[in-house]
Amino acid sequence: MNNDDFRQWSRRAADWGADYRNNLRDRPVRPLVEPGAISGSIEVSPPEDAEPMDRIFADFEEKILPGMTHWQHPRFFAYFPANAAPVSVVAEYLVSAMAAQCMLWQTSPAATELETRTVDWMRQALGLPEGFSGVIQDSASSATLAAVLTMRERALDWQGNKQGLAGQARLRIYSSDQVHTSIDRAIWVSGIGEDNLVRIPVGGRFRAMDTAALEAAIAADLEAGMQPAGIIACVGGTSTGGTDDIAAVVEVARRHGLYLHVDAAWAGSAMICPEYRHFWTGVEGADSIVFNPHKWLGAQFDCSIQFLRDPESHVRTLAIKPDYLKTHGHDGIINYSEWSVPLGRRFRALKLWFLLRAHGLENLRTMIRNHVGWSEGLAARLAREPDFEIVCEPMLSLFSFRHKTATDADEHNLRLVNAINDDGRIYLTQTRVDDRIAIRFQVGQFEATAADVDAAFVVITEVARGLDR
């Protein structure tokens, strides 16, 4: 592809992207395809000779697009959003065109310095105090892994990376059962082991960790000769919106000298609205906080910010400095590859910079407030329907519900969520609450409207009535 072709096809792709976004409401949110249908349409072996771009692009539209779930669809109410505001897509065009490897200050000074500045913009926007610094990770999973590794190294007096875990005290990490499975994976990868992730009982509307039970678990482990290393708290857990009493957990962590990581991957975005910050009161006492602008704020995936109260411990855990990665003659610079598990780094800050400037915090606050209000309104409407019950009251824009039936309730609600998704007009996911199936609903798509949420009510009730016939 020469430069003229590159220009032509870049314009074609941009035009296609604008048309795609403009017509998303006309598409089913999730494709009705059978497993293997897409791979069956793709040639088994790679081509020996070059093919024309016209044919490649046509195959993309004919073979690939029909098998895509449309995460930018305004009626995507499943999982949590993975928003890509159009302005962030434009920024990603520029990032892709430059294709910089931003692992060190010297490999892209502007990328490093813009990351420092935009992370601090977000610190201010969330109301976090001065003194927190941070890094843009690819996802909350990587941020949590980095936090768990730091817990491990601090607890082992910085000997884990060098000596391994054999012969060391048995480490213990504490969390509720409301945290994301990325916490389990971090425990696996860190070598601490799943058996050493201590699940603390929860209670109350928001299924918060019982801090008395947390204290008791720590005391029991110390008595047994084990080594408590850290606590992972959550704000807005994936299943039900589970949210810990952060201030109370901070006090426990301080009393025992434990590292505290707060996972607010989804709900953290809402903290740009001062009225929602009560959900993480006391968060300034955490050692590490993660939230994902690529979820609710509109920065295209991947873009996850990890704030750190003490970056020195974090860098001491992760940094490797061979001579070929040293920047000579410049003191005091930041090399963000020393703040991440991967060495290679994309220029993630550019899309966040574009997004914050193009929309401004007040427009983003309005979007989040609308989503919360619309979700609360839908929960209230479903609660008034005689055949529905609200299982978990709204936590910001997330709630769960169940359709009542005289038959097997779990099987019935699984059939209902599948029928809703097969209908195509909206997309939902299920969860399990107190060992029973419930259906999750969350509003978070960047371009959703009140009419889209009204449409969800129509689809849910219509499909449910159809199942009862």
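The values are calculated or read from the model by the stated rules, or taken from the named source; none is laboratory data. In this text, all values refer to a predicted model and were calculated from it rather than measured experimentally. Quick reminder, even Gly has a Cβ in these numbers, built from the backbone with ideal geometry, and neighbours come from all protein chains shown. Remember, those area values only see protein heavy atoms, side chains included, never the ligands or the DNA or RNA. Shrake-Rupley method; radii C 1.70, N 1.55, O 1.52, S 1.80 Å.
Brief remarks on what is shown
- Kyte-Doolittle at least -1.0, axis length at least 24 Å by Cα - qualifying DSSP helices, the chain: 109-126, 349-384, 450-468
- Charge sum, other residues only, whose C-beta stays under 12 Å from Ala216's C-beta, Lys/Arg counted +1 and Asp/Glu -1: -4
- Among Lys162, Lys351, Lys404, Lys295, the sequence by solvent-accessible area, most first, with a 1.4 Å probe is Lys162, Lys404, Lys295, Lys351.
- Glu43 exposes around 120 Å² of accessible area when a 1.4 Å probe is run over every protein chain in place.
- The chain: relative contact order in percent, alpha carbon pairs under 8 Å with at least 6 residues between: 22 percent
- Overall form of the stretch 54-108 per C-alpha gyration tensor (a/c, 1.5; a/b vs b/c): oblate
- The alpha carbon convex hull volume per residue for the chain rounds to 184 Å³.
- Computed from the C-beta positions of Ala220 and Ile333 and an R0 of 45 Å, the FRET efficiency is 0.50 to the nearest 0.05.
- The stretch 1-80: C-alpha gyration tensor shape, a/c 1.5 cut-off, then a/b vs b/c: oblate
- Backbone geometry of the stretch 29-41 corresponds, through the Karplus equation with coefficients 6.51, -1.76 and 1.60 at θ = phi - 60°, to 3J(HN,Hα) couplings of 5, 10, x, 9, 10, 8, x, x, 5, 6, 4, x, 8 Hz, x marking Gly and Pro.
- Note, ³J(HN,Hα) from phi for the stretch 128-137, Karplus 6.51, -1.76, 1.60, rounded to Hz, x at Gly and Pro: 7, x, 4, x, 7, 10, x, 8, 8, 8
- Cα-only Debye scattering, the stretch 320-469: base-10 log of I(q)/I(0) at q = 0.12, 0.17, 0.20 Å⁻¹: -0.66, -0.95, -1.18
- Ordered from highest to lowest accessible area with the whole protein assembly present and a 1.4 Å probe, Asp19, Asp195 read as Asp195, Asp19.
- Derived scalar couplings between HN and Hα for the stretch 166-179 equal 4, x, 8, 4, 6, 7, 10, 10, 10, 7, 8, 8, 8, 6 Hz in order, rounded to whole Hz, by the Karplus curve 6.51 cos²θ - 1.76 cosθ + 1.60 (θ = phi - 60°), x for Gly and Pro.
- Area of Arg170 that stays accessible when all protein chains are in place (1.4 Å probe, Å², to 10): 120 Å²
- Rg/Rh for the stretch 86-128 (Cα atoms only, Rh after Kirkwood) is 1.06.
- Over the stretch 191-321, the ratio between the Cα radius of gyration and 2.2 N^0.38 Å evaluates to 1.11.
- Taking only protein heavy atoms and a 1.4 Å probe, the accessible area of the chain is 51% carbon and sulfur.
- The stretch 381-429: C-alpha gyration tensor shape, a/c 1.5 cut-off, then a/b vs b/c: oblate
- For the chain: accessible area per residue (Å², 1.4 Å): 45 Å²
- Annotation: amide H of Thr429 within the under-5 Å range of Tyr79, Arg440, sequence separation 5 or more or interchain, hydrogens built in the peptide plane.
- Distance between the 7 Å Cα→Cβ label points at Val458 and Glu113: 5.3 nm.
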